[in-house]
Amino acid sequence: MAVVRARIVGLAVGVALAVTGGGLSSAAAAPTTAAPAAAAPTTAAPATTASTTRAPAALASTSVEEILDTILDDTNAIRKAKGLKALVRTDAMDSVAQSWTRKQAANREMAHNPDYSTQIPQGWSFAAENVAYGYDYTDVVEAWKNSPGHYKNMTSAATHIGLGYALDDSGRTYFTQNFAKYPSSTKFLKSTSRPTISGTVRVHSTLKATLKSWSPSGVKYKYHWYANGKRITGANYSRMKISYKYHGKHLTVRVTGKKSGYASTTTKSAMTAKVKAKKK
């Protein structure tokens, strides 16, 4: 007989902030706490928690980057459905979100970061935060979507996003989304396209990552290769020779561009087909 575990989940939405007249003031107030309608039990529960009988998905084989990529893709899919531009993920905002998420996990308590608006890159005209705990990473964006305050943040005028994910010592998940709107004059690197991978996807073959020009000129690039979402140690160049241990796995490459005075930006290639065995 299968064992079904109960888990506690929760969401909290921060009050969105906007700059008006040169000063900081509260925008239309979102609720400070909210429980997702989709995950609510049949009987009433406190606003900040809801019980569910769905067990968390196995996370052991999933990398943090894969989890964050899924959250970004799911969030941008919601924006696309409303005709909004995709949010751009930046290292600087990720650092703020990830640091706070780890703190929540260490404290085993979901809470908002009271200082996120001063920790993310300055120059924003709108900033907001969503946090959650206890959800599967494949479900958390849907839960935020089903809560009006969180949904409002995800479909706001924000242009950039930072993401965080962590586990506490009992294996409970914690998530953070930081949003911000920056003027077009803000110095964020932009890429014209994602990196592409060329070469035969076969053991002992060499793959090459190609990146079209980024703007502005003078950007320095760092490459990191991944197998099934897990970073490959030492694979930090545009070319990678495929060893046998990656047989049957999908490969991707991430490219991070950095330039003095600009926030760094990371883009990811599409997955390759599964690596085939070496030809006899």
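Observations
- Of all residues in the range 99-158, those satisfying the criterion of being buried (at least 17 other Cβ atoms within 10 Å of the Cβ), among the charged types (D, E, K, R) and closer than 19 Å to THR75 by Cβ are GLU129, ASP136, ASP139, LYS145, LYS152.
- Residue check for LYS245: more than 24 Å from SER95 (Cα to Cα), outside any loop (DSSP other than H, G, I, E, B) and open to solvent by 60 Å² or more (accessible area, probe 1.4 Å): yes
- Counted residues, the range 89-133 - those being free of Cβ contacts under 8 Å to residues at least 24 places away in the same chain and either assigned to a loop (DSSP other than H, G, I, E, B) or more than 21 Å from ILE71 (Cβ to Cβ) (or both): 6
- The residue that is nearest to LYS181 (Cα to Cα), among those in the range 95-128 that are modelled with pLDDT of 90 or more and under 16 Å from the mean Cα position of the chain (by Cα), is ALA128.
For (1) in a loop (DSSP other than H, G, I, E, B); (2) closer than 23 Å to PRO121 by Cα; (3) touching a residue at least 12 places away in the same chain (Cβ under 8 Å); (4) of a type in the set (Val, Ile, Thr), each residue gets a yes or a no:
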site: GLY164; (1), (2), (3), (4): no, yes, yes, no
site: PRO183; (1), (2), (3), (4): yes, yes, yes, no
site: ARG194; (1), (2), (3), (4): yes, no, yes, no
site: THR252; (1), (2), (3), (4): no, no, yes, yes
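The values are calculated or read from the model by the stated rules, or taken from the named source; none is laboratory data. Predicted model only: the values in this text are computed from it and were never measured. In this analysis, Cβ positions are derived from the backbone assuming ideal geometry, glycine residues included, and neighbour counts consider all displayed protein chains. What goes into the accessible areas is simple: the full protein's heavy atoms, side chains included, and nothing from ligands, DNA or RNA. Shrake-Rupley method; radii C 1.70, N 1.55, O 1.52, S 1.80 Å.
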